[in-house]
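Please read the structure below before turning to the comments.
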Amino acid sequence: MYQFHYYEDDDRQLRLSTNSHVILINALGTKGQITPALAAVLDVMNRRRDNANPLAVRLVKEIDDYNRDKKRRRALMNLKMRLKDERRLGLSEGRAEGRDEMALGLIHALQAQGMPQKQIVEALALARKISLAEAQRYYEQVARANSGGAH
């Protein structure tokens with residue numbers, strides 16, 4: 001078991017008055033003596049449901065009751081679905097942004113090597129498997145950014 005408080009790094013006398021006290025318990029730890037009540041909690045944390053300690057029995061019952069509550073289960077399923085949808089949306093947006101960044105980076109690199117515009121657009125279209133028109137739009141975006149325009 002580890003206990004933490006919020007102190008200032010250099011002056012331990014300065015403590016944030018958050019009225020909080022953080023306790024971390026290593027459920028698999030073996031160092032030191034623990035009370036039967038804490039052993040019961042650790043057993044439940046480690047998914048051992050056979051501890052006869054009254055606290056462990058009560059915790060397992062509370063967990064089971066919580067898991068069987070239809071309103072809570074429905075709310076949890078709805079939350080999981082919303083999070084999954086948000087993650088999927090974020091990933092697709094992130095991939096699109098990443099592809100744009102890579103295309104723009106390629107254009108910059110080829111410009112730095114002195115490649116002419118027409119060849120850069122053709123190379124980008126080939127590398128990204130996009131149309132020449134789309135590659136041209138990327139090139140124009142870089143040109144606007146380089147000339148001080150918004151991108």
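The values are calculated or read from the model by the stated rules, or taken from the named source; none is laboratory data. Keep in mind that what you see is a predicted model, and the values were worked out from it rather than measured. Cβ sites come from the backbone with ideal geometry, for glycine too, and all protein chains shown count toward neighbours. Each accessible area value is taken on the protein alone, full model and side chains, heavy atoms only, with ligands, DNA and RNA left out. Shrake-Rupley method; radii C 1.70, N 1.55, O 1.52, S 1.80 Å.
For (1) open to solvent by 100 Å² or more (accessible area, probe 1.4 Å); (2) modelled with pLDDT of 80 or more; (3) touching a Leu at 6+ places or on another chain (Cβ under 8 Å); (4) among the basic types (Lys, Arg), each residue gets a yes or a no:
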{"position": "TYR2", "(1), (2), (3), (4)": "yes, no, yes, no"}
{"position": "ASN19", "(1), (2), (3), (4)": "yes, no, no, no"}
{"position": "MET45", "(1), (2), (3), (4)": "no, yes, no, no"}
{"position": "ASP50", "(1), (2), (3), (4)": "yes, yes, no, no"}
{"position": "GLU62", "(1), (2), (3), (4)": "yes, yes, no, no"}
{"position": "ARG72", "(1), (2), (3), (4)": "yes, yes, no, yes"}
{"position": "MET81", "(1), (2), (3), (4)": "yes, yes, no, no"}
{"position": "GLU86", "(1), (2), (3), (4)": "yes, no, no, no"}
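Of the candidates GLY29, GLY105, the single residue that is in a helix (DSSP H, G or I), out of contact with any Ser or Thr (no Cβ under 6 Å at 6 or more places or on another chain) and surrounded by 10 or more Cβ atoms within 10 Å (Cβ to Cβ) is GLY105. Residue selection: ALA39 satisfies the criterion of being modelled with pLDDT of 80 or more, within 30 Å of TYR2 (Cβ to Cβ), among the small types (Gly, Ala, Ser) and surrounded by 12 or more Cβ atoms within 10 Å (Cβ to Cβ).
Can you confirm whether ILE34 is loosely packed, with under 10 Cβ neighbours inside 10 Å and aliphatic (A, V, I, L, M)? Taking the combined requirement at face value, the residue does not satisfy it. Residue pairs whose Cβ atoms lie under 6 Å apart, sitting 6 or more positions apart in sequence or on different chains, and linking a residue in the range 11-30 that is without any contact (Cβ under 8 Å) to a residue 24 or more places away in the chain to a partner that is of a type outside the set (Val, Ile, Thr) and open to solvent by 90 Å² or more (accessible area, probe 1.4 Å), are LEU16/TYR6; THR18/TYR6; VAL22/PHE4; ILE23/GLN3; LEU24/TYR2; ALA27/MET45.
The rows are residues; the columns are (1) within 24 Å of the chain's Cα centre (by Cα); (2) more than 26 Å from GLN3 (Cα to Cα); (3) outside any helix (DSSP H, G or I).
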position	(1), (2), (3)
SER20	no, no, yes
ARG49	no, yes, yes
LEU55	no, no, no
ILE63	no, no, no
GLU86	yes, yes, no
ARG99	yes, yes, no
LEU110	no, yes, no
